[in-house]
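Below: one structure, written as structure tokens.
Since every read-out is calculated from the coordinates, none of them should be taken as a lab result. This structure is a prediction, so every number in the text was calculated from the model and none was measured. Reconstructed Cβ throughout: ideal geometry from the backbone, glycine too, with neighbour counts over all protein chains shown.
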Amino acid sequence: MNLGVVAVSAILSEWLAILFETPVGPRSALRHYPYKGFGGGPQRFGGFWTASVLNSHIKLGSLDGMELQAAFDLLLSSVTPLKAVDGLIWQSLGSGATVPGHPWSHGSLTTLSNSRCDAMSPRSRMVVLRRSDCVARTIDCYTDVRSEKIADLESAGHSVCWLFYDPLSKIQLRLQGTATVVNNAEADAAWCETSLYSRSAYLSVEPPGKKVAGDAPPDTADRVVNQVDSERGRENFRVIRTQVKEVDWLYLRQGGHVRALLRYLDDGDVDVSWIVP
Ligand SMILES: Cc1cc2nc3c(=O)[nH]c(=O)nc-3n(C[C@H](O)[C@H](O)[C@H](O)COP(=O)(O)O)c2cc1C
């Protein structure tokens with residue numbers, strides 16, 4: 001087939017998709033939207049997109065960083081954006097836990113701490129988002145049981161805050177919830193899937209955070225082991241599972257910032273509202 005025929009059929013199929021609100025390819029709707037700015041963006045179609053069309057498009061692929069802004073722009077152009085915002089946020093968290101380089105693949109996890117000073121104080125650190133469950137509304141990271149964040153959870157309380165930010169799409173996601181330390185068959189399964197490289201994080205002989213004497217930084221040779229010896233890291237490995245209670249979503253959008261607050265109620269319902277950005 002020559003290039004002219006390919007181009008004409010591509011244009012025709014896109015226009016047919018627009019006319020009949022049917023997706024023509026996995027991410028056809030998202031291809032209309034440039035990553036930066038709004039030129040040729042969703043307003044082109046005004047309120048043409050319905051929530052069902054939106055869902056049929058955004059469910060087709062896992063969102064990577066480039067698609068995050070386009071997906072939220074598309075959502076905001078739909079007739080009932082509030083209905084879809086919860087699903088899209090959790091879809092993006094699912095991608096964060098599975099797509100390398102996704103903006104949500106790393107987040108800041110804040111615990112309350114009382115170990116460094118007398119007063120209770122917040123302490124944040126970067127962690128890798130390892131798993132997201134959109135039904136249970138939980139997100140997981142892994143850590144060493146000897147780390148201070150575990151001590152924080154056990155002695156200062158289970159309240160935690162996760163923070164994600166993507167400078168390209170200018171979307172911030174803040175999740176508040178309660179965290180528990182998981183060390184059961186699920187943790188066994190998670191451990192089995194970790195790479196040899198990741199296991200080195202759980203193999204230090206001395207506990208992470210311990211002060212060392214001398215000028216030289218501590219030797220990390222104890223962490224370079226083969227697959228069989230890496231099994232000794234399992235005793236230090238833990239899953240931290242956060243039950244998300246509230247999401248604050250902020251999009252610094254050209255032409256008007258947008259912010260939504262989502263509260264997960266005990267009966268399983270979600271209370272979603274726009275809030276002043
Ligand atoms: C990009 C990045 C990713 C990290 N991921 C994790 C992680 O998934 N789990 C973890 O325990 N520490 C991770 N760390 C190290 C933590 O930020 C922190 O330094 C360490 O866990 C000790 O924190 P704590 O003393 O507050 O417990 C990561 C650090 C960076 C820079």
- Task: Could you tally the net charge around residue 162, taking each other residue with its Cβ under 15 Å from the Cβ of residue 162, Lys/Arg +1 and Asp/Glu -1?
- Result: +3
- Estimated inter-spin distance, residue 182 and residue 158, nm [label 7 Å along Cα→Cβ]: 1.4 nm
- Task: Summarise the long-distance tail of P(r) for region 121-241 by giving the % of C-alpha pairs beyond 17 Å.
- Result: 63 percent
- Task: List, in order, the whole-Hz ³J(HN,Hα) value for each residue of region 90-104 obtained from phi through the Karplus relation with A = 6.51, B = -1.76, C = 1.60 and θ = phi - 60°; use x for Gly and Pro.
- Result: 6, 5, 5, 5, x, 5, x, 7, 10, 9, x, x, 5, x, 9
- Item | Reachable aspartates and glutamates from residue 211, criterion Cα separation under 15 angstrom, eight or more residues apart if same chain | 148, 219
- Note, residue 97: beta-carbon cut-off 12 Å, +1 each Lys/Arg, -1 each Asp/Glu, net 0
- So between residue 215 and residue 246, what do we pick up on full extension, going 0.36 nm a residue minus the alpha carbon distance? 6.7 nm
